[in-house]
Structure formats: C-alpha cells, structure tokens
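The values are calculated or read from the model by the stated rules, or taken from the named source; none is laboratory data. It should be emphasised that the depicted structure is a prediction, and the values quoted were computed from it without experimental measurement. Using ideal geometry, Cβ is built from the backbone for each residue, glycine included, and neighbour counts are taken over all protein chains shown.
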Amino acid sequence: MKWLFHVVREADLHWDEHGFYAPASLGREGFVHASYKDAVLESARLYFAPGEPLRVLVIDPRKLEARIEVAATPRGSMPHVHGPIPHAAVREIALADVAAHDDEIA
C-alpha cells in the first residue's frame, strides 16, 4: 500500500471545526486530487507558481473513511479521495522533504 500525497498552497490549507480538510475541488469535482510520491514534484511544478509557499499532506489511506479511486490521467494513475480528509490521517511536510519520505507504507 502506498502513501498518498496532496500538494496545497499554505494559504489554502484549512481544517474545519471537525478536523477535516475539504478543498474547493471536493465541492467542484467530488474528490480531492492526490498523487503518489513519484509524481508530487511534477504536480507542484505544473500547478503552482515557482516559489509559492506550499505544503504537502502525506495521507495514510488506512485512516480514511472516504473512498479512494485510482484514475487514469494523462500523467498516469492518480488517486482521488472522494470525501474530506481527517487531520488524524495526515502528516504535513515541506515539498523539499518529499524525496526523503517513504513511498510504501511499512
């Protein structure tokens, strides 16, 4: 099983009063975009301006109540989380720390 990664602007990282993260994409598209470790840096490069303050949510899929679907995308298979993400399932790290993080859950 793999860790899931979600890149977010620091200014857009908000936890609701119940401890859940639900970005605008969840309301618009019905899911939270995530990626696997090997695609995180490319995602940041493609979707965020250089130097923009970013955080990476490392998500433990075992702690999610929401459904996870792996979708075929032009960039390869990407996980989509179909529901809000509880803070208890997340570890926040800097983009620079992604390379040192494990890909597989031990």
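Observations
- Scanning region 39-84 for residues that are of a type in the set (A, V, I, L, M, F, W, C), over 12 Å from residue 7 (Cα atoms) and out of contact with any Lys or Arg (no Cβ under 9 Å at 6 or more places or on another chain) yields 49, 64, 66, 68, 70, 71, 72, 78.
- Note on region 1-82: no enclosed strands (runs of 3 or more DSSP E) hold 3 or more residues that are at pLDDT below 95 and under 15 Å from the mean Cα position of the chain (by Cα).
- Some residue of region 52-75 being of a type outside the set (Asp, Glu), at positive phi and surrounded by fewer than 18 Cβ atoms within 10 Å (Cβ to Cβ): no
- Only residues that are among the hydrophobic types (A, V, I, L, M, F, W, C) and more than 14 Å from residue 81 (Cβ to Cβ) were counted across region 2-23, and they come to 3.
- Residue in region 38-47 that is touching a residue at least 24 places away in the same chain (Cβ under 8 Å), in contact with a strand residue (DSSP E or B) (Cβ under 9 Å, 6 or more places away or on another chain) and within 13 Å of residue 81 (Cβ to Cβ) present: no
- If only residues of region 12-28 that are acidic (Asp, Glu) and free of Cβ contacts under 8 Å to residues at least 24 places away in the same chain are counted, the one that is farthest from residue 57 (Cα to Cα) is 17.
- Candidates 14, 33, filtered to the one that is surrounded by 19 or more Cβ atoms within 10 Å (Cβ to Cβ) and over 19 Å from residue 106 (Cα atoms): 33
- Positions within region 83-106 being surrounded by fewer than 13 Cβ atoms within 10 Å (Cβ to Cβ) and assigned to a helix (DSSP H, G or I), in sequence order: 88, 96, 97
- Verdict on residue 36 being hydroxyl-bearing (Ser, Thr, Tyr) and within 11 Å of residue 90 (Cβ to Cβ): no
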